[in-house]
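K.L.:
Have a look at this one before I ask anything.
None of the figures in this text is laboratory data; all of them are computed from the coordinates on show. Everything quoted here is computed from the prediction, not taken from an experiment. Here the Cβ is made from the backbone with ideal geometry for all residues, glycine too, and neighbour counts use every protein chain on show.
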Amino acid sequence: MSGKSGLHFRENAAQAVQDKSLRDAMRNSTDTFTTKRTLGMASLPIEEWRDRASGIRMKVLDSLPDYIERFSASAKAAGASVHMAADAQAAREIVYGILRDRSVKNIVKVKSMVTEEIHLNPYLEERGMSVVETDLGEYIVQIAGEPPSHILAPAIHKNRRQIGRLFTEKLGVDYSDDPVVLTGIARRVLRQEFLKADAGISGANFAVADSGSICIFTNEGNGRMATTLPPLHIAVFTIEKIIPSLTDLPTFIRLLPRSATGQPLSSYLSLIPGTR
């Protein structure tokens, strides 16, 4: 649950299991996730919907080059620019080149696993750019100098007292361990980051081939802020995110939140069709 090297996993794990605060935080969070997910999945004929989603995915995989070309053509027709990257280094260079050419200095980000995997943030920061994560959990671990510890809840390993102390240390605010107060502090800080940002970077939950649109699910509204307030939006995603058409999207709208957090729907669903 820290930035320590994975080469020392056994030592790190042995130390972590002795940390009662960490054990309590993980137990409470995972129990909550499991309960909510079970209830959420029970509200649908889940195997039927899984089969439907699997069929859509297999349809794309069977003709993947064609769907990539269809998405690219549709996105360009909607006013977007489309770039293809063969590997992580190429992706980092493409993103940096776009930002550099537009003299971007301040960037806000929506939670994105692929940009985490390609280490985009440090690459941009090493080149003089400010990159601020705007998902609350991602923001917490970013200012703590730690990697995210869970795909859904990046700060799952921290309790409210630890977060309160972190905010006092890093943001210069009075200590509080009240989640409402802590959320309000983060909201005020991040609002200023949104307003001064030159660019927003996001991932995509889905990319729709027939419209060139990307779809982003969030529960905090930061996805919409980061993709609409800055003058430039860059979406970084991998080809398995492509689905054929908007008529396929409702299947995944029903399945994704339930399989992740147990919600019938995410709080915010942003469908972004090319340029604004």
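K.L.:
Between the range 54-100 and the range 255-276, what's the alpha-carbon centroid distance in Å?
P.N.:
20 Å
K.L.:
What size of dipole, in debye to the nearest 20, comes out for the chain about its Cα centre when the only charges are +1 on Lys and Arg C-beta atoms and -1 on Asp and Glu C-beta atoms?
P.N.:
Numbers: 34 positive and 31 negative charges, 108 e Å.
Roughly 520 debye for the chain.
K.L.:
On a full-extension model of 0.36 nm per residue, what is the gain between Asn159 and Ser103, subtracting their alpha-carbon distance, rounded to one decimal in nm?
P.N.:
Details: separation 56, 0.36 × 56 = 20.16 nm, distance 3.86 nm.
Gain on extension, Asn159 to Ser103, equals 16.3 nm.
K.L.:
So if I take the centroid of the Cα atoms in the range 124-157 and the same for the range 195-247, what is the distance between those two points in Å?
P.N.:
19 Å
K.L.:
Here is a further query. At a Förster distance of 22 Å, what's the computed FRET efficiency of Val180 paired with Asp24, Cβ-Cβ distance as r, to 0.05? The partial results should precede the final answer.
P.N.:
On the way: r = 21 Å, r/R0 = 0.94.
The value I calculate is 0.60.
K.L.:
Of Leu136, Leu265, how do they rank once you tally other Cβ atoms within 10 Å and put the fewest first? Intermediate values should be presented prior to the final figure.
P.N.:
Numbers: Leu136 20, Leu265 13.
Neighbour counts put them in this order, fewest first: Leu265, Leu136.
K.L.:
If I require 18 Å or longer along the helix axis, counting alpha carbons, and a Kyte-Doolittle average no lower than -0.5, what helices from the chain are left? Use full DSSP H segments. Spell out each step's value before the answer.
P.N.:
Values: long enough: 20-42 (33 Å, -0.85); 46-62 (24 Å, -0.75); 64-77 (20 Å, -0.24); 88-101 (20 Å, 0.09); 179-196 (26 Å, 0.33).
Once both thresholds are applied, what remains is 64-77, 88-101, 179-196.
K.L.:
Something else: Along Cα→Cβ, 7 Å out, is where each label goes; now give me the distance between the ones at Glu126 and Lys59 in nm to one decimal.
P.N.:
4.3 nm
K.L.:
For the range 108-153, evaluate the Debye formula with one uniform point scatterer on each Cα (no solvent term) and list log10 I(q)/I(0) at q = 0.14, 0.21, 0.30 Å⁻¹, rounded to two decimals.
P.N.:
Taking Cα atoms of the range 108-153 as identical point scatterers yields -0.29, -0.67, -1.36.
K.L.:
To the nearest 0.05, what FRET efficiency results for Asp210 and Ile94 with a Förster distance of 30 Å applied to their C-beta separation? Provide the component values of the computation, followed by the final result.
P.N.:
Numbers: r = 25 Å, r/R0 = 0.82.
Once the sixth-power term is evaluated, E becomes 0.75.
K.L.:
How long, wide and thick is the range 13-81, going by the Cα atoms along their three principal axes, in whole angstroms, largest first?
P.N.:
Each principal axis gives a Cα extent; for the range 13-81 these are 54, 34, 23 Å.
K.L.:
First measure r as the distance between the Cβ atoms of Met84 and Leu39, then evaluate 1/(1 + (r/R0)^6) with R0 = 41 Å and state the FRET efficiency to the nearest 0.05. Please report the intermediate quantities before stating the final value.
P.N.:
Numbers: r = 41 Å, r/R0 = 1.00.
According to the calculation, E is roughly 0.50.
K.L.:
Starting from 0.36 nm per residue, how many nanometres of slack lie between Arg188 and Thr247 once their C-alpha separation is accounted for?
P.N.:
Details: separation 59, 0.36 × 59 = 21.24 nm, distance 3.78 nm.
Going from the current span to full extension adds 17.5 nm.
K.L.:
Can you give the calculated 222 nm mean residue ellipticity of the chain, where each DSSP H run of n ≥ 4 adds -39,500 (n - 2.57) and the sum is split over every residue, rounded to the nearest 500 deg cm²/dmol?
P.N.:
Working: 12 runs with 145 residues, N = 276.
Mean residue ellipticity, 222 nm, calculated: -16500 deg cm²/dmol.
K.L.:
Would you work out the charge dipole size for the range 113-229 about its Cα centre, treating the Cβ of every Lys and Arg as +1 and the Cβ of every Asp and Glu as -1, and quote it to the nearest 20 debye? The partial results should precede the final answer.
P.N.:
Details: 11 positive and 16 negative charges, 77 e Å.
The calculation lands at about 380 debye.
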